[in-house]
Structures are given as structure tokens and as C-alpha cells.
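First up is the structure itself, then whatever we jot down about it.
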Amino acid sequence: MRYRKAFNGLARSLMIGLGTIGVTACSVAQQDSFTLVTELPPGFQIRGEAQYVPRPGETCTVPVKKGRAHPGFKFFKQAHSEKPQTAQFQVPLTSVEGGCPLVLDSFDYEVDAKYGPAHDNVGRDYTGIAFQQNVADNPNSPTPLQLKRQCEWLFRTAGPDRYIVKILKCAPIATPEQESGAVANGPLQRSHLAGKTLNVQFSVAAEERPYMRDTWIKFPEGWKRCMGDSLEDAYAFCRGNTTKFKPFKMPDGRDCSVYPNCTE
């Protein structure tokens, strides 16, 4: 009986010890990373690339790429969806590659969005988040836990049939809690994010605009494509001519005279 009590006491001690180790390991992992939540509009997909550099003060270098191994990079992806979606990634703040201690330097987004039925009816742009080593705390520029990126479509015509082609542009915008765009652009303090959640919200501007200036004129019913010198004039600048316009085709093949309503 005495040995059984001793064994039970030892077992309880081991379980408590292992539990403590588990909690400690979990805590360390949480403090060495942050959760990146990305909200996407319908029709969007993203690829994320976290880039790491040697920790300040280190003299080592990031090992060179070998085959499919990309030292200093970690990759994330959220597939295309026709519905709004939320992606969640656990992003390490530090890493070790080839014995070299690394810290997170940037997280770059490759943003793709569909604008038409064809396989190549896709716009692409790049945006990202920069990080830096802690600097003296400044209460006037706290590290935000919410960032916004607004994307807009810029339209143009292309080819002899003048099909509508769209270019995607995404840029940081300040949230209502942030007084200036400088806060939205970062860089963010790494240690301020340890164990926390950073939310990045992508949105689409309500209105589209022409890709090139002086190529379209806006009317109440929509935008009209300037004629230029002829139907074959690929640039077709307006140059003050507000009476002559040419037709174009939507990505789905419709013949139109105004954008985006197609017909007047």
C-alpha cells in the first residue's frame, strides 16, 4: 500500500510536470507567432509570402535556395471563391534556417480577382505589410491590429475588337481609428503582435475608372470610349472631341456603347 501511494504520487507529479511543459511550449509557440486573418471579397484569391531576414546583430546569412526549399520564406494560400471568405494563417515571427536566427521582415500579398468568364479575365496586384525591430514606444503611432486594403478596377480596351480589360490596383487605407495613412502603411512592431491577431480587410471600390486619362468621357448613362483618329486607333485620346465615340465589347462578348451599363 505504501508503494502504491508513492507510485500514485509520482504519477501525479509527472502528469502535472508534463502538463506544465505542454502549457509552456504552447505559450512559447503563441508568443513566437501571430494570427493573420484576411477578409476577401467575392471572386478574390490570395497568395501570401512571409519573408525573413537575419536577426539584428547577427552576422550569418540566409541559406541559398536548393530545389524546392526556400530558406527565409514561408508561403500561404487562400483559393478563389465566388463568395466572401476569411483566411486565417499562423505566421511565425522568428525562424531558424541553416543555424541562422531569422526574424519576420515582411508579409507580401499577391491578390488575384476575376472580372469575367474567361480563364484570363483576371486582375492581379501586390500589397504587403512591413515589420521592424522594436523602437521606442510612441503613443501617437500604436501598432494597429486591423489594417485595410482597398482594391479598385481600372478599365481599358484592348485588341482590334476593343474588348474591355481590367487592371486591379490595391492600396492601404487608414481605418477610422487611425489618423493618417502612415499608420496604415506600417511598418509594424514585431513584439507588439506576439500572440495576437492581426486582421487585414480587403474591399473593392464602388466605382471603376479608366486606366488611362483622356480616353473615356463620363455621361449620366456611363462612360463612352473616345474615337481618336479612327476605329483602329489603339490609344484613341479624346483631345476635346466629345461627340465621336466607338463601340467596344464586354468580357462576355456583348457589343456595347457605354460602360458599365453596355447600352444607353
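A short reminder: the numbers here are calculations on the coordinates, not readings from a lab. As the structure is a computational prediction, the values presented were derived from the model and not from experiment. Every residue, glycine as well, gets a Cβ built from its backbone with ideal geometry; the counts of neighbours run over all protein chains shown.
Can you list residues whose amide H is under 5 Å from Trp223's amide H, if they're 5+ apart or on another chain and H is modeled 1.01 Å from N?
Amide H neighbours of Trp223: Tyr259, Asn261.
Which residue, Ala194, Phe245, Cys226, has the largest displacement toward the positive end of the dipole of the range 181-250 when charges sit on each Cβ (Lys, Arg +1; Asp, Glu -1)?
Value: Ala194.
Can you tell me how the range 212-264 classifies by the Cα gyration tensor, rounded, prolate or oblate, using a/c under 1.5 as the rounded cut?
Note, shape of the range 212-264 comes out oblate.
Please find the FRET efficiency linking Lys249 to Thr59, where r is the Cβ-Cβ separation and R0 is fixed at 45 Å, and quote it to the nearest 0.05.
After rounding, the FRET efficiency stands at 0.15.
Taking the alpha-carbon set of the range 35-204, what are its Rg and Dmax in Å?
18.1, 58
Figure the gain on full extension for Phe219 and Lys66 (residue separation times 0.36 nm, minus the Cα-Cα span) and round it to one decimal in nm.
49.4 nm
Using amide H atoms built in the peptide plane, which far-off residues or other-chain residues are under 5 Å from Thr127 H to H?
Tyr109, Val111
With each pseudo-label sitting 7 Å past Cα toward Cβ, what's the Ser106-Ala171 distance in nm, one decimal?
Going by the 7 Å Cα→Cβ label model, 1.8 nm.
Which lysines, on any chain, are close to Lys196 with Cα under 22 Å apart, when same-chain ones fewer than 8 places away are left out?
Counting by Cα, and skipping residues close in sequence, Lys196 has these lysines nearby: Lys74, Lys77, Lys148.
Under a straight-distance cross-link criterion of Cα-Cα below 21 Å, which lysines are reachable from Lys249, leaving out those fewer than 8 residues away in the same chain?
The qualifying lysines are Lys114, Lys166, Lys218, Lys224.
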